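**Student:** Here's a structure for you.
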Amino acid sequence: MNTNPKKRAQELREQLEHHNYLYYVLDKPEISDADYDDLFDELSRLEAEHPELRTPDSPTQRVGAAPVTKFPTCKHIIPMLSLGKCTTSEEFREFNTRVKGLLAGTGKIEYSIEPKYDGLAVTLIYKNGLLEIGATRGDGFTGEVVTENLKTVRTVPLKLRGHDFPKTIEVRGEVIIYNADFEKFNKQRLDSNLELFANPRNMAAGSLRQLDSRITAGRPLRFIAYGIGVIEGISFDGHHETMKYLKSVGFQVSEFLKSSEATDGVESYYEDILSKRDSLPYDIDGIVIKVDSYRQQAAAGILSRSPRWAIAWKFPAIQRTTIIEDIKVQVGRTGILTPVAYLKPVEVGGVTVSRATLHNEQEVERKDIRVGDTVIIQRAGDVIPAVVKVITEKRSGHEKKFTMPLKCPECGSPVQRVEGEVAVRCSSLYCPAQITEKITHFGSRSAMDIEGLGYRTIELFVEKGFIKDISDLYLLPSKREEILQIDRMGEKSFTNLETALENSKKRELPRIIYALGIPGVGETTAYLLTEQFTSIERLMKASEEEINDIKGIGPILAHSIHTFFRDEYNVAVINKLKKYGVEFPVMISENKHGPLTGKTFVLTGALDSCSRSEAQKEIEKLGGKVTSSVSQKTDYVVAGADPGSKLDKANKLGVTVLDESEFKKLLGLK
Ligand code: IVH
């Protein structure tokens, strides 16, 4: 063993990466996990004592770095294309004929065939053997730079194996999660009461896009290489040669890579891999057939977004039969109620499935899905397991029909149906399933515009029990001490949040109505409601007919709005908002071209035919303004019964005084 720290660190790095490679890539470990950990700990200690020995390719760098707020984007110099698809042998033969035509006279055509992994495409750029940039495919032209996250993936070499490195090599491939790792991880989440991932692909996608790479480091991601992008200082003739090279420098490549010149070779490969599909440790959704020679690939060219020299031959979705043991309703973050089938657990392509989404009520009705039914379920690529059909022959007659509950299973509020949507929603301001989403909307720029109230912050407040409904936001300043204990919240950002909350109390009424998040009520509807009712109190008291009478609001929306304000929880939350200082200002609508535009009124004394606020509304409708004290600028004082000192003042200043009937005449009401 070397006693020179620099040399020892180098030795440890090489040993660790070598064992990592044996374990993850070759699946042939030579030392125990405990021995690996000992080496790892020794290197960590050495690096802590001598920070200058910490290199970017050290295995200790796989634990993740400090979180970022956003991923930078990068343009792919060579676009990351997608693949044309086929599903039958006939379609594959058509592809073959096309290729033969395109490449006539270029020599014999050899295909490289490999499985099509069901994960996420990424690209890794190595400069002089060191990983420099890792990015997602994105839309194929621009991706997100997620280098820190990709560095945590054990099968991504931080440094290429060997000694002679090309100046640049861009390695492309798929990030996946093995089914067994997925199951283990989901089981742990189940035990900790956390939301489950629908399938390995979703989990891989979610893990790769974590802003905190320390979270990614805890996810069992893998990388399998299947191609290259930009290269400098090295060249290859074709796909096979490239794969051989990539394997030699430390990448996991497909163990099923094969070549074939003839279509029947490809067909038997398809059958073979399809039969192995269930026993593979990861999900695949087909095979990819590529013309091997790069010279011929270039000759065939590309067709908008996919190459003419390759095709994906997709497998059919995997289906299994099982029994629906129960149907429960789940409330999503936006309040949508989704029926979910609880299944007798069944293996579907290596993953145990115990739940399937039934999407919505109509879907359940259309497929006539009942509790107790024997059904065919399917897991297809990136979709959540779904029920394909009911095997009605298996019915015993004891199956139970499903009906959507009338009350939200999370909070007990009456549910609603919204115009133009199949979904049924819970619109309660109090529903625990939706609170984070509701608060995010409440604080958003076009609503209450509370700066510094990001989704993560809200999640944290909800999780720690500081917020149960939107009104609790305004109580946050009183919990300052407790909140500052949370390590994610700094003093300065909290003070900024306090200021933003204080400022938001003055927002105009249409914004507040929009901020409440009434189903179907966007900014325009919020404005129409304000125009019509001018105050929150009047809106809350409005009948369904009155709301329906507004031009631009239909009967279903009117019903939704009316129901919202009949919910005692919602009323309680609005009252709390008022109590905590949200002003709910009455809207003075400005009619710039009304007969009373520019005229100022003061109302004094009681009117017979209407209340003062109704009179005010009538004046405002015609463009006039109502103020509370009489001055030179006042155009009219309307005097009802028992007028006060305002009448005296009007007389003193020579302002026109109207009695009730004159006033009505002016308004055109008589
Ligand atoms: S080659 C120009 N090989 O399929 C061809 N792609 O539809 C570039 N994929 O986004 C891709 N396994 O994520 C290739 N063995 C494989 C693949 C594979 C999975 C994915 C890849 C790409 C998508 C294209």
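The values are calculated or read from the model by the stated rules, or taken from the named source; none is laboratory data. Since the model is a prediction, treat every value here as computed from it, not as a measurement. Cβ sites come from the backbone with ideal geometry, for glycine too, and all protein chains shown count toward neighbours.
**Student:** Quick check, is V122 at pLDDT 95 or above, over 18 Å from Y294 (Cα atoms), of a type in the set (A, V, I, L, M) and within 26 Å of the chain's Cα centre (by Cα)?
**Tutor:** Values: at pLDDT 95 or above: yes; over 18 Å from Y294 (Cα atoms): yes; of a type in the set (A, V, I, L, M): yes; within 26 Å of the chain's Cα centre (by Cα): yes.
So V122 passes the test.
**Student:** Is it the case that F533 is under 30 Å from A447 (Cβ atoms) and in contact (Cβ under 8 Å) with a residue 40 or more places away in the chain?
**Tutor:** No, not satisfied.
**Student:** Oh, and also: Has region 198-205 got any residue that is among the hydrophobic types (A, V, I, L, M, F, W, C) and part of a loop (DSSP other than H, G, I, E, B)? If you could, list the steps in order and put the result at the bottom.
**Tutor:** Filtering region 198-205 down to residues among the hydrophobic types (A, V, I, L, M, F, W, C) leaves 198, 203-205.
Still in the running and part of a loop (DSSP other than H, G, I, E, B): 198.
Yes - at least one qualifying residue is present in region 198-205.
**Student:** Between residues in region 127-143 that are part of a loop (DSSP other than H, G, I, E, B) and residues that are among the β-branched types (V, I, T) and within 16 Å of the ligand (Cβ to nearest atom), which pairs lie under 8 Å by C-beta distance while being six or more apart or on different chains?
**Tutor:** Final answer for the pair search is R137/V122; R137/T123.
**Student:** Looking at region 120-152, which of its residues are of a type outside the set (A, V, I, L, M) and more than 15 Å from the ligand (Cβ to nearest atom)? Before the answer, list the steps.
**Tutor:** So the first thing to find is which residues in region 120-152 are of a type outside the set (A, V, I, L, M), and the list is 123, 126-129, 132, 134, 136-144, 147-149, 151-152.
Scanning region 120-152 gives Y126, K127, N128, G129, E132, T147, E148, N149, K151, T152.
**Student:** Give region 600-633 a look and list any residue that's in contact (Cβ under 8 Å) with a residue 40 or more places away in the chain and among the β-branched types (V, I, T), or say none.
**Tutor:** Scanning region 600-633 gives V602, T604, I619.
**Student:** Identify, please: which residue in region 66-119 is assigned to a strand (DSSP E or B), among the hydrophobic types (A, V, I, L, M, F, W, C) and within 16 Å of the ligand (Cβ to nearest atom) and is, among those, surrounded by the most Cβ atoms within 10 Å (Cβ to Cβ)?
**Tutor:** I113
**Student:** In region 369-378, is there at least one residue being in contact with a Pro (Cβ under 8 Å, 6 or more places away or on another chain), closer than 30 Å to I177 by Cα and in contact (Cβ under 8 Å) with a residue 12 or more places away in the chain?
**Tutor:** Let us first name the residues in region 369-378 that are in contact with a Pro (Cβ under 8 Å, 6 or more places away or on another chain), namely 377-378.
Still in the running and closer than 30 Å to I177 by Cα: 377-378.
Going one step further and asking which of them are in contact (Cβ under 8 Å) with a residue 12 or more places away in the chain, we end up with 377-378.
So far as region 369-378 goes, yes, one or more of its residues are in contact with a Pro (Cβ under 8 Å, 6 or more places away or on another chain), closer than 30 Å to I177 by Cα and in contact (Cβ under 8 Å) with a residue 12 or more places away in the chain.
**Student:** State whether one or more residues within region 185-206 are touching a Ser or Thr at 6+ places or on another chain (Cβ under 8 Å) and either within 13 Å of the ligand (Cβ to nearest atom) or at pLDDT below 90 (or both).
**Tutor:** As a first pass, look at region 185-206 and keep what is touching a Ser or Thr at 6+ places or on another chain (Cβ under 8 Å): none.
No, region 185-206 has no match at all.
**Student:** How many residues are surrounded by 16 or more Cβ atoms within 10 Å (Cβ to Cβ) and assigned to a loop (DSSP other than H, G, I, E, B) if we restrict to region 429-443? First the steps, then the outcome.
**Tutor:** At the first step, the residues of region 429-443 found to be surrounded by 16 or more Cβ atoms within 10 Å (Cβ to Cβ) are 429-431, 433-443.
Right, trim to assigned to a loop (DSSP other than H, G, I, E, B) and you get 429-431, 433-434.
Matching residues across region 429-443 total 5.
**Student:** Scan region 631-644 and give yes if some residue there is in contact with a Gly (Cβ under 9 Å, 6 or more places away or on another chain), buried (at least 17 other Cβ atoms within 10 Å of the Cβ) and in a helix (DSSP H, G or I), otherwise no.
**Tutor:** Within region 631-644, none of the residues are in contact with a Gly (Cβ under 9 Å, 6 or more places away or on another chain), buried (at least 17 other Cβ atoms within 10 Å of the Cβ) and in a helix (DSSP H, G or I).
**Student:** Let me ask you something else. List the number of the failed condition for G301; all other conditions in (1) in contact with a Pro (Cβ under 9 Å, 6 or more places away or on another chain); (2) surrounded by 14 or more Cβ atoms within 10 Å (Cβ to Cβ) hold.
**Tutor:** (2)
**Student:** While we're on this one: Report yes if R172 is closer than 30 Å to E463 by Cβ, touching a residue at least 24 places away in the same chain (Cβ under 8 Å), of a type outside the set (A, V, I, L, M) and within 16 Å of the ligand (Cβ to nearest atom), otherwise no. Please lay out each step first, then the result.
**Tutor:** Working: closer than 30 Å to E463 by Cβ: no; touching a residue at least 24 places away in the same chain (Cβ under 8 Å): yes; of a type outside the set (A, V, I, L, M): yes; within 16 Å of the ligand (Cβ to nearest atom): yes.
Judged against the criteria, R172 is not a match.
**Student:** For region 446-490, what are the residues that are small (G, A, S) and more than 24 Å from E523 (Cβ to Cβ)?
**Tutor:** Filtering region 446-490 for residues small (G, A, S) gives 446-447, 452, 454, 465, 471, 478, 490.
Across region 446-490, the qualifying residues are G465, S478, G490.
**Student:** Those residues that are surrounded by 14 or more Cβ atoms within 10 Å (Cβ to Cβ) and assigned to a helix (DSSP H, G or I), I need them from region 273-290; list them, please. Explain how you work it out, then say what you get.
**Tutor:** Pass one, region 273-290, residues surrounded by 14 or more Cβ atoms within 10 Å (Cβ to Cβ): 273-274, 277, 280, 282-290.
Passing the criteria: I273, L274, R277.
**Student:** I would also like to ask the following. Can D326 be described as surrounded by fewer than 19 Cβ atoms within 10 Å (Cβ to Cβ) and either within 15 Å of the ligand (Cβ to nearest atom) or within 34 Å of the chain's Cα centre (by Cα) (or both)?
**Tutor:** Here the answer is yes, as D326 does meet what is asked.
**Student:** Further, regarding this structure: Within region 161-180, identify whether any single residue is within 16 Å of G250 (Cα to Cα), surrounded by 22 or more Cβ atoms within 10 Å (Cβ to Cβ) and of a type in the set (G, A, S), and answer yes or no.
**Tutor:** Yes, that holds for at least one residue.
**Student:** Which condition does R370 not pass, out of (1) of a type in the set (D, E, K, R); (2) within 30 Å of S427 (Cβ to Cβ); (3) surrounded by 14 or more Cβ atoms within 10 Å (Cβ to Cβ); (4) at pLDDT below 95, if it passes all the others?
**Tutor:** Unmet condition: (4).
Table: residues versus (1) closer than 16 Å to T436 by Cα; (2) part of a loop (DSSP other than H, G, I, E, B); (3) in contact with a strand residue (DSSP E or B) (Cβ under 8 Å, 6 or more places away or on another chain); (4) among the aromatic types (F, W, Y).
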site	(1), (2), (3), (4)
I458	yes, no, no, no
I467	yes, yes, no, no
L473	yes, no, no, no
L476	yes, no, no, no
M489	no, yes, no, no
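**Student:** For Y527, work out the one condition from (1) surrounded by 14 or more Cβ atoms within 10 Å (Cβ to Cβ); (2) touching a residue at least 24 places away in the same chain (Cβ under 8 Å); (3) more than 23 Å from K464 (Cβ to Cβ); (4) not small (G, A, S) it doesn't fulfil.
**Tutor:** All conditions are met except number (2).
**Student:** Mind checking which residues of region 452-477 are closer than 13 Å to L497 by Cβ and either among the hydroxyl-bearing types (S, T, Y) or more than 21 Å from the chain's Cα centre (by Cα) (or both)?
**Tutor:** Once the filter is applied, which keeps residues that are closer than 13 Å to L497 by Cβ and either among the hydroxyl-bearing types (S, T, Y) or more than 21 Å from the chain's Cα centre (by Cα) (or both), region 452-477 yields T457, F466, I467, L473, Y474, L475, L476, P477.
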